[in-house]
Number of protein chains: 2
Amino acid sequence: MYRSNTCGELRASHIGSEVILSGWVHKLRDKGFVAWVDLRDRYGITQLVFDEERTSKELLEQARELGRETVIQAKGQVIERASKNPNIPTGEIEVLVTELTILNKSLLPPFTIEDDTDGGEDIRMKYRYLDIRRNPVKNNLIFRHRVSMEVRKYLSDQGFIDVETPYLIKSTPEGARDFVVPSRMNEGQFYALPQSPQTFKQLLMVGGMDKYFQIVKCFRDEDLRADRQPEFTQIDCEMAFVEQEDILNTFEGLTKHLLKEIKGVDIQEFPRMTYDDAMRLYGNDKPDIRFGMQFGELNAVAQHKDFNVFNTAELVVGIAVPGASEYTRKEIDALIDWVKRPQVGAKGMVYVKCNEDGSYKSSVDKFYDEQDLAKWAEVTGAKPGDLICVLSGDANVTRAQLSALRMELATRLGLRKPNEFAPLWVVDFPLLELDEETGTYHAMHHPFTSPKPGQLKLLETNPGAVKANAYDLVLNGNEIGGGSIRIHDKETQATMFKHLGFTPEEAKAQFGFLMDAFQYGAPPHGGIAFGLDRLVSILGGQETIRDFIAFPKNNSGRDVMIDAPATINKEQLDELNISLANNT
Amino acid sequence: MYRSNTCGELRASHIGSEVILSGWVHKLRDKGFVAWVDLRDRYGITQLVFDEERTSKELLEQARELGRETVIQAKGQVIERASKNPNIPTGEIEVLVTELTILNKSLLPPFTIEDDTDGGEDIRMKYRYLDIRRNPVKNNLIFRHRVSMEVRKYLSDQGFIDVETPYLIKSTPEGARDFVVPSRMNEGQFYALPQSPQTFKQLLMVGGMDKYFQIVKCFRDEDLRADRQPEFTQIDCEMAFVEQEDILNTFEGLTKHLLKEIKGVDIQEFPRMTYDDAMRLYGNDKPDIRFGMQFGELNAVAQHKDFNVFNTAELVVGIAVPGASEYTRKEIDALIDWVKRPQVGAKGMVYVKCNEDGSYKSSVDKFYDEQDLAKWAEVTGAKPGDLICVLSGDANVTRAQLSALRMELATRLGLRKPNEFAPLWVVDFPLLELDEETGTYHAMHHPFTSPKPGQLKLLETNPGAVKANAYDLVLNGNEIGGGSIRIHDKETQATMFKHLGFTPEEAKAQFGFLMDAFQYGAPPHGGIAFGLDRLVSILGGQETIRDFIAFPKNNSGRDVMIDAPATINKEQLDELNISLANNT
């Protein structure tokens, strides 16, 4: 037996017990005639004491040699600690060691195993197994486990069935790029790794399995942005005989359950907002509503003066930044520089200081008098002490820019509180999205999303105006889930494929099995998928999903710890009947 | 709202309620003036009644047109059924329909949606979404869900943390063939899909996450035997600071919990048997101990007579088949033909009838008298009424043949009862296995398995004799789980790799990260993995794992429903920098 107790377990009530502990040497304090070792395991830290008088000189000498991260087993007696440490649960006791065994030695770790480590991101990733010993990473992984367990418990209790769908499926050119897997047994053919189990969960609905869920890995071979991973985890769900309302209620229930069980936060009904309103009021389909700063459209009150920049703009739109009227000239200039950065791309920014005395001071005083500016304040909801920031230009572009500014200012003002949770349903998404480059439409959610009842005809005349029974669940400015009511009849699905540019042959080759299935009594159905990595990181009050993934990949899709991907040998290539295109 | 109740829910207590049901038309009985529809969903069947007097002639006519598997919604009143059906839970009531909506039509399914369908395996796989509507398949999937949930609950309650390990890892030539995934971002390089998360779970132990589990897909590109799948699911577990005994106890606990919760079967302590004993007594490292027929080695009592076949054999070994002494000459000849089939490969079989009167009659009476045969009976444990079957030849081969015969006879005699459960730990597996063809040794479990303490030196002199702290959990003659105590220091691991034929460079290239990790305080650790597909099928009392997989692949690794794998287009190949070897 390696241990009788963990290093997080012993309390004053254990005093007098003989115990065996195993763990890592976290710290050694050596006073010559006595030495203390902080012994660490997953559960905590317990202080071991070695004392030449009470035990033996040899044991003390052995202890004094212990290097950091050495794995040891210690037998001894739990005794009361002279100077108690109220900061840790085991702080009232220590273990007077009578027997010490070194289980494994350790080289000096390349970074300290502390909450605030001295290791940078790269080195921590290379030695991720050491990084996981640190409380922040370890606790994130345990936190993720708790969230997964609660999700499964809740959904199972609601009658959902966890069904495993295949990982070796078929490549579809639609959507993101697939990872593919050459088949040895089927020469010249490839499997694809699923971007999501979308078609399989729909087939389960056709199969009558009317409540399905799965926590499942999905794969997308995309150029990785800072916080994207080539493999990611989805809470994938589907229901049959449901309308949008049933789905929103069910998964609002799940999210409330998680907030309650995991964070102790009670949230009543989640607000809902249409996609159009979200874009109009926040310039964003995933608004963070933990704070205000809603957009005020100023065209009516700011155009038709002599300020040509506004007069020629499609949209003039502003936000009131609370308590920012005291910003100095320098601070405001910095803000203007910020919106002009290429990542934001605004040409400039007009501002209005709403002074505490009720007067206004703007960067466009030449064109607008106090009365004009009072109207701006009214439209943006600015109060004395606020700063109104105004952008103008093409409507979509300007909204995106102002949204970026709104988020940046909220972050600077500390309004994005990690332990405040503001969920929001965004509904009535457009069915299609125009690709500005190619001039063609593609599915905003995915090609299986149902248009709103009665809007199918509109596809012919005004595709961009067709709305879908599609919805996102937004939490603190992040999309944590999204889904839709699906098409469940063959004709509508064929129409959709046609509008997405598939020839009937292509549609049949790719999705023939699904359209076939729709002919055999497909029930009305719909679903949702949550990004678990994102959900967990937001619930954990943190920004980056990587901190909640045990073995993440870097921005080049590499696992730097195991050094993958890697070359494979010629025999493997030959067996798979493939060769490298640039043979050298 | 599509339904107020499910089709499995309504009872006599609901009589008088107005309800809405949705589901599939399972059956229609049409008497002209009245028609009954069995409406089916996941939860059961409810009888709908359409009656020209009590409702309307139009509604009745509509109902009479309903084809099988049409999806309908029916509103109506729950009424008492005239002729009750005690065979189904809803048999006391029916719903008098007042409103009928057809939600989706159905073509005539290619096979009947009945427990005993008329559809063969191939057609059911092609239309798996219809197959899943059938109770046997549906219930298997729900059963699997229950098992998975219980596994997770039990392990989580025991402090295990579900950690997701990556799917895009590195290819290792050791063991079975990998599926590989070309990397677009890392030209000429490949990921591999994991054959198991073995190294990652060991790294988690190094990382201090001392109890890990995961229900995870694993991948092996092997030529598929009848009941193998290229992707399969593992309950993967690892613990640190444990000895073999701790692991056996923990997972005996899990298995008992499953047997109790899922099957209502209470099993006390699981028996244990060494690998050597299993081979000696059952000719098999996964003996089915639901029944006896242990091997009796007859060399001492059957050799040195004039029967040359036995005299020249390395092993003469027999089993007593209970109650089979009455087998006719024809039946015994059939048995001899059975053992001579190429799949078994015996040259012949000697038998002894142990007559009820205490006399013996054998196929080798010429060489052995009654006194000799009495000794055979003693060694094999044969009683009057039994038939002793004896095979001889090379020890390993003969044991395998007799094991096959033992299993076949047990099946014929009905001794392999699907609802009887006989777990068994097989322990002390050899560390290495000799590849007869190449004359080299390879790891019996995997290259990370630790030799028994003190046996490392033996690797140099007698590698085949080295035993490992490796164990299998056997249930009803199937290996449902297997694992080992791992090596946790760099030197031993390097020694192992050397004995497995790795050069130091190869070992470093493949497993350098693991050996590096072992230098930073790796704790003693070990683990186990269960094959979930197999476990579920055995608990379900069935033979084939395919029946417990939602979307299985066939023996060529194809998904015949979605028609995968498939060709991919040239653009995809180009982006991945690969080409097909046999360009046409």
If you go through the stretch A:529-579 one residue at a time, how many are assigned to a helix (DSSP H, G or I), assigned by TED's automatic domain parsing to the domain that holds A:E150 and either of a type in the set (S, T, Y) or more than 14 Å from the chain's Cα centre (by Cα) (or both)? 1
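Evaluate the following for A:G175: is it more than 23 Å from the chain's Cα centre (by Cα) and either over 18 Å from A:V536 (Cβ atoms) or not assigned by TED's automatic domain parsing to the domain that holds A:A192 (or both)?
No.
Answer yes if at least one residue in the stretch A:222-231 is within 7 Å of another protein chain (Cβ to nearest Cβ) and farther than 23 Å from A:I487 by Cα, and no otherwise.
Of the stretch A:222-231, the ones within 7 Å of another protein chain (Cβ to nearest Cβ) are A:230-231.
Remaining after also requiring farther than 23 Å from A:I487 by Cα: A:230-231.
The answer is yes, given that some residue of the stretch A:222-231 is within 7 Å of another protein chain (Cβ to nearest Cβ) and farther than 23 Å from A:I487 by Cα.
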Please specify each residue of the stretch A:97-118 satisfying the condition of being in a strand (DSSP E or B) and either over 16 Å from A:V37 (Cβ atoms) or at the interface with chain B (Cβ under 9 Å from one of its Cβ atoms) (or both). A:L103, A:N104, A:S106
Name the one entry in A:V364, A:V426 that is touching a strand residue (DSSP E or B) at 6+ places or on another chain (Cβ under 6 Å), assigned by TED's automatic domain parsing to the domain that holds A:Q195 and closer than 26 Å to A:L298 by Cβ. A:V426
Go through the stretch A:482-528 residue by residue and tally those that are within 22 Å of A:D246 (Cβ to Cβ) and part of a strand (DSSP E or B). 9
Residue list for the stretch B:488-502, filter: within 14 Å of chain A (Cβ to nearest Cβ) and in contact with a strand residue (DSSP E or B) (Cβ under 7 Å, 6 or more places away or on another chain): B:H488, B:D489
Out of curiosity, is A:G318 in contact with a Gly (Cβ under 8 Å, 6 or more places away or on another chain) and touching a residue at least 24 places away in the same chain (Cβ under 8 Å)? yes
For B:G159, are the conditions met, namely being surrounded by fewer than 21 Cβ atoms within 10 Å (Cβ to Cβ), within 14 Å of chain A (Cβ to nearest Cβ) and touching a strand residue (DSSP E or B) at 6+ places or on another chain (Cβ under 6 Å)? yes
Given the condition part of a loop (DSSP other than H, G, I, E, B), touching a residue at least 12 places away in the same chain (Cβ under 8 Å) and either of a type in the set (D, E) or not assigned by TED's automatic domain parsing to the domain that holds B:G541 (or both), answer yes or no: does some residue in the stretch B:394-406 qualify? yes
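May I ask you to say which residue of B:P504, B:P447, B:P453 is buried (at least 19 other Cβ atoms within 10 Å of the Cβ), within 26 Å of A:E69 (Cβ to Cβ) and not β-branched (V, I, T)?
Numbers: B:P504 fails: buried (at least 19 other Cβ atoms within 10 Å of the Cβ); B:P453 fails: buried (at least 19 other Cβ atoms within 10 Å of the Cβ).
Just one listed residue meets the conditions, B:P447.
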Top-ranked residue in the stretch B:407-446 [being assigned to a loop (DSSP other than H, G, I, E, B), within 24 Å of the chain's Cα centre (by Cα) and among the acidic types (D, E); ranked as farthest from B:D337 (Cα to Cα)]: B:D428
Residue under question is A:F270, and the condition is that it be among the aromatic types (F, W, Y) and buried (at least 20 other Cβ atoms within 10 Å of the Cβ); does it hold? no
Given the conditions (1) in contact with a Leu (Cβ under 8 Å, 6 or more places away or on another chain); (2) at the interface with chain A (Cβ under 10 Å from one of its Cβ atoms); (3) farther than 20 Å from B:I132 by Cα; (4) not β-branched (V, I, T), which single one is not true for B:K553? (3)
How many of the residues in the stretch A:172-198 are within 28 Å of B:R144 (Cα to Cα) and either touching a strand residue (DSSP E or B) at 6+ places or on another chain (Cβ under 8 Å) or aliphatic (A, V, I, L, M) (or both)? 8
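Among the candidates A:G76, A:G44, single out the residue that is out of contact with any Lys or Arg (no Cβ under 7 Å at 6 or more places or on another chain), closer than 30 Å to B:L248 by Cα and surrounded by 21 or more Cβ atoms within 10 Å (Cβ to Cβ).
Numbers: A:G44 fails: surrounded by 21 or more Cβ atoms within 10 Å (Cβ to Cβ).
When all the criteria are applied, what remains is A:G76.
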Consider B:Y167 against the criteria (1) facing chain A (nearest Cβ under 8 Å); (2) assigned to a strand (DSSP E or B); (3) crowded, with 23+ Cβ neighbours inside 10 Å: it satisfies all of them except one. Which criterion is unmet? (2)
For A:E114, only one of the following conditions fails: (1) surrounded by 20 or more Cβ atoms within 10 Å (Cβ to Cβ); (2) within 35 Å of the chain's Cα centre (by Cα); (3) of a type outside the set (K, R). What is its number? (1)
Considering only residues of the stretch B:205-220 that are more than 25 Å from B:I549 (Cβ to Cβ) and either out of contact with any helix residue (DSSP H, G or I) (no Cβ under 9 Å at 6 or more places or on another chain) or within 7 Å of another protein chain (Cβ to nearest Cβ) (or both), which is surrounded by the fewest Cβ atoms within 10 Å (Cβ to Cβ)? B:G208
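Does any residue of the stretch B:172-190 turn out to be among the hydrophobic types (A, V, I, L, M, F, W, C) and more than 10 Å from chain A (Cβ to nearest Cβ)? It would help to see each step written out before you state the result.
To start, the set of residues in the stretch B:172-190 that are among the hydrophobic types (A, V, I, L, M, F, W, C) comprises B:176, B:179-181, B:185, B:190.
Still in the running and more than 10 Å from chain A (Cβ to nearest Cβ): B:176.
Checked the stretch B:172-190: at least one residue is among the hydrophobic types (A, V, I, L, M, F, W, C) and more than 10 Å from chain A (Cβ to nearest Cβ).
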Test: A:V344 is surrounded by 14 or more Cβ atoms within 10 Å (Cβ to Cβ), among the β-branched types (V, I, T) and not in a loop (DSSP other than H, G, I, E, B): no
From B:L259, B:L248, B:L254, which residue is over 27 Å from A:T567 (Cβ atoms) and surrounded by fewer than 18 Cβ atoms within 10 Å (Cβ to Cβ)? B:L259
Within the stretch B:559-581, identify whether any single residue is facing chain A (nearest Cβ under 7 Å) and in contact with an Asp or Glu (Cβ under 6 Å, 6 or more places away or on another chain), and answer yes or no. yes
Flagged in the stretch A:239-266 as aliphatic (A, V, I, L, M) and within 14 Å of A:F160 (Cα to Cα), in numbering order, are A:M239, A:A240, A:V242, A:I247, A:L254
Hey, any hits in the stretch B:52-63 for a residue that's in contact (Cβ under 8 Å) with a residue 24 or more places away in the chain, within 25 Å of B:R134 (Cα to Cα) and not polar (S, T, N, Q)? yes
Could you tell me which of the residues B:V301, B:V352 is in a helix (DSSP H, G or I) and of a type in the set (A, V, I, L, M)? B:V301
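Regarding the stretch B:511-520, can at least one residue be identified that is facing another protein chain (nearest Cβ under 7 Å) and touching an Asp or Glu at 6+ places or on another chain (Cβ under 8 Å)?
Our first condition is that a residue be facing another protein chain (nearest Cβ under 7 Å); within the stretch B:511-520, this holds for B:513, B:517, B:519-520.
Those left that are additionally touching an Asp or Glu at 6+ places or on another chain (Cβ under 8 Å): B:513, B:520.
Yes.
Being among the acidic types (D, E), more than 11 Å from chain A (Cβ to nearest Cβ) and touching a residue at least 24 places away in the same chain (Cβ under 8 Å) narrows it down to one residue among B:E479, B:E505; which is it?
Working: B:E505 fails: touching a residue at least 24 places away in the same chain (Cβ under 8 Å).
The unique qualifying residue is B:E479.
The values are calculated or read from the model by the stated rules, or taken from the named source; none is laboratory data. Given the structure is predicted, the values throughout are model-derived calculations rather than measurements. Glycine also receives a Cβ, built like all others from the backbone with ideal geometry; neighbour counts cover every protein chain displayed.
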